[in-house]
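Written below as structure tokens is the structure these notes are about.
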Amino acid sequence: MSGNWERRWHPLLEQWVVIAANSAQRPWSGVVTSTSQSRRPPHDPECYLCPRVTRASGKTNPDYHGVYAIDNDFPALGAHAPVPVSNDDPLNKRSAATGLCRVLCWSPHHDQTLSDISAAQMCAVAELWQSEVATIEKKPEIRQVLIFENKGVETGASNLHPHGQIYALPFVSDNAQRMRRAQAQYAQTNNGSGLLHSLINHPAHKETLLVDQSEHSSVIVPFAARFSYETWVIPRRHVASITELTEAELHDLALTYQRNAKRYDALFQRPAPNITLVHNSPCDKHPDNRHWHFHIAMQPPLRDREKLKYLAGAEAGMNNIVNPLQPEHAAAQLRDCMQ
């Protein structure tokens, strides 16, 4: 089949992705993941994110109902990070690991996920995303706010309570710099058109890569998907940040995201592991930020129901990803699994 074995250009990350669906047919004697799921209790007194539980820091969670946000007790970045003695050596450059890390609980119920919370609760989660970004990006020392979720043990999640995190950075991350540059260059060479706006309106994406569409949002498998079942949830109106969405657009985005999460569960016939990345524009006042199109990337680390996608030797060495599934085939599977 055409497109099964080729290189594809990733326009946002400005790098080649190898589509090698032929490699999926090779004999497999490696690790397979467990598809059996032990049922979790609605409240776990040993879980540091459940209501009324005293965390390792000694602080006790309130008896919260709905969403709940706290500063991370063990942050990778923090306002009180020590300042290095010297950073004058160009070969051993240092800087303080300042910033802010937050933990966002989607639900008080330990046994839920974003797939199975109510529609009203899903909208409350999106409202939390919006309010957290609006508050944090006003801090003068912050340059980028990244919301993410590591769902499932396969992603390395240290706590299975339904939650995500925020990393508020004092710098613009490497990926965000590439995405900003790519979107600005595209706009400059295409009469101001937005890169992602062009993607969701491209005939090829509409015909073969579109997974779902609502009044205000589209879901596509990217043409150069780096993960087998990667999807992007994209507002149809160009906005740089989730803070610019109207209430109607925000709730539409939330429910479109939730449908997509349910789609993964249906495809893999279990609560699907997934990495979610909520990509807001950097907040460093760079003039190219206006070309950024806010979107959410969903990246299940699975190549099929039982096999994980590992980023091993070649990909670690090249920093280029090999995808063992043709993106058009992935989009068809995702469309069909909910019918």
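For the stretch 265-323, the set of residues classified as assigned to a loop (DSSP other than H, G, I, E, B) and charged (D, E, K, R) consists of Arg270, Asp284, Lys285, Arg303, Asp304, Arg305, Glu306, Lys307, Lys309, listed by residue number. Inspection of the stretch 292-311 finds no residue satisfying the criterion of being farther than 19 Å from Asn150 by Cβ, free of Cβ contacts under 8 Å to residues at least 40 places away in the same chain and among the aliphatic types (A, V, I, L, M).
Which of the residues belonging to the stretch 82-109 are surrounded by 12 or more Cβ atoms within 10 Å (Cβ to Cβ) and modelled with pLDDT under 95? Steps first, please.
Our first condition is that a residue be surrounded by 12 or more Cβ atoms within 10 Å (Cβ to Cβ); within the stretch 82-109, this holds for 84, 87, 94, 96-109.
Once the filter is applied, which keeps residues that are surrounded by 12 or more Cβ atoms within 10 Å (Cβ to Cβ) and modelled with pLDDT under 95, the stretch 82-109 yields Pro84, Asn87, Arg94, Ala96.
Take the conditions (1) modelled with pLDDT under 95; (2) under 21 Å from Ile136 (Cβ atoms); Gly164 misses just one of them, which is (1). Check off (1) in contact (Cβ under 8 Å) with a residue 60 or more places away in the chain; (2) surrounded by fewer than 20 Cβ atoms within 10 Å (Cβ to Cβ); (3) under 29 Å from Gly3 (Cα atoms) for Ala330 and give me the number that stays unchecked. Result: Ala330 passes all but (2). Against the numbered list (1) closer than 19 Å to Glu127 by Cα; (2) more than 16 Å from the chain's Cα centre (by Cα); (3) crowded, with 23+ Cβ neighbours inside 10 Å, Thr246 comes up short only at (3). Being out of contact with any Phe, Trp or Tyr (no Cβ under 7 Å at 6 or more places or on another chain), closer than 20 Å to Gln165 by Cα, in a strand (DSSP E or B) and not basic (Lys, Arg): is that true of Ala97 here? It is false that Ala97 is out of contact with any Phe, Trp or Tyr (no Cβ under 7 Å at 6 or more places or on another chain), closer than 20 Å to Gln165 by Cα, in a strand (DSSP E or B) and not basic (Lys, Arg). Within the stretch 271-285, residues that are farther than 29 Å from Ser38 by Cα sit with their Cβ atoms under 9 Å from residues that are hydroxyl-bearing (Ser, Thr, Tyr) and not in a loop (DSSP other than H, G, I, E, B), at 6+ positions apart or across chains, in these pairs: Asn280/Thr243. Taking Val239, is it closer than 27 Å to Arg143 by Cβ, of a type outside the set (Ser, Thr, Tyr), free of Cβ contacts under 8 Å to residues at least 60 places away in the same chain and assigned to a loop (DSSP other than H, G, I, E, B)? For Val239, the condition - closer than 27 Å to Arg143 by Cβ, of a type outside the set (Ser, Thr, Tyr), free of Cβ contacts under 8 Å to residues at least 60 places away in the same chain and assigned to a loop (DSSP other than H, G, I, E, B) - is met.
For the stretch 64-73, which residues satisfy the criterion of being surrounded by 11 or more Cβ atoms within 10 Å (Cβ to Cβ) and either hydroxyl-bearing (Ser, Thr, Tyr) or assigned to a loop (DSSP other than H, G, I, E, B) (or both)? Spell out how you get there, then give the answer.
Keep residues of the stretch 64-73 that are surrounded by 11 or more Cβ atoms within 10 Å (Cβ to Cβ), which gives 64, 66-73.
If the condition is that a residue be surrounded by 11 or more Cβ atoms within 10 Å (Cβ to Cβ) and either hydroxyl-bearing (Ser, Thr, Tyr) or assigned to a loop (DSSP other than H, G, I, E, B) (or both), then Tyr64, Gly66, Val67, Tyr68, Asn72, Asp73 are the ones that fit.
Got at least one residue in the stretch 142-164 being surrounded by fewer than 17 Cβ atoms within 10 Å (Cβ to Cβ), over 16 Å from Leu277 (Cβ atoms) and of a type in the set (D, E, K, R)? No, there is no match, as no residue in the stretch 142-164 is surrounded by fewer than 17 Cβ atoms within 10 Å (Cβ to Cβ), over 16 Å from Leu277 (Cβ atoms) and of a type in the set (D, E, K, R). Do we have any residue at all in the stretch 5-12 that's modelled with pLDDT under 95, surrounded by 16 or more Cβ atoms within 10 Å (Cβ to Cβ) and of a type outside the set (S, T, N, Q)? Checked the stretch 5-12: no residue is modelled with pLDDT under 95, surrounded by 16 or more Cβ atoms within 10 Å (Cβ to Cβ) and of a type outside the set (S, T, N, Q).
A single member of Ala225, Ala168, Ala176 is in a loop (DSSP other than H, G, I, E, B) and buried (at least 19 other Cβ atoms within 10 Å of the Cβ), and it is Ala225. Taken as a whole, the structure places Trp106 among residues that are under 24 Å from Phe268 (Cβ atoms) and in contact with a helix residue (DSSP H, G or I) (Cβ under 7 Å, 6 or more places away or on another chain).
Find the residue count for the stretch 324-339, including only residues that are assigned to a loop (DSSP other than H, G, I, E, B) and under 23 Å from Ser115 (Cα atoms). The qualifying residues number 3. Looking only at the stretch 129-141, filter to residues that are touching a residue at least 40 places away in the same chain (Cβ under 8 Å) and under 30 Å from Asp116 (Cβ atoms); which one of those is surrounded by the most Cβ atoms within 10 Å (Cβ to Cβ)? Restricting to residues being touching a residue at least 40 places away in the same chain (Cβ under 8 Å) and under 30 Å from Asp116 (Cβ atoms), the top hit is Trp129.
Go through the residues of the stretch 301-313 one by one and say whether even a single one is of a type outside the set (Lys, Arg), within 30 Å of Ala124 (Cβ to Cβ) and crowded, with 20+ Cβ neighbours inside 10 Å. Lay out the reasoning, then the answer.
First, the residues of the stretch 301-313 that are of a type outside the set (Lys, Arg): 301-302, 304, 306, 308, 310-313.
Pick out the ones that are also within 30 Å of Ala124 (Cβ to Cβ) and you get 301-302.
From the residues that got through so far, the ones that are crowded, with 20+ Cβ neighbours inside 10 Å too are 301-302.
Yes, there is a match, as at least one residue in the stretch 301-313 is of a type outside the set (Lys, Arg), within 30 Å of Ala124 (Cβ to Cβ) and crowded, with 20+ Cβ neighbours inside 10 Å.
The values are calculated or read from the model by the stated rules, or taken from the named source; none is laboratory data. Just so we're clear, the structure is a prediction, and the values are computed from it rather than from any experiment. Methodologically, a virtual Cβ is constructed for each residue, glycine included, from the backbone with ideal geometry; neighbour enumeration extends over all protein chains shown.
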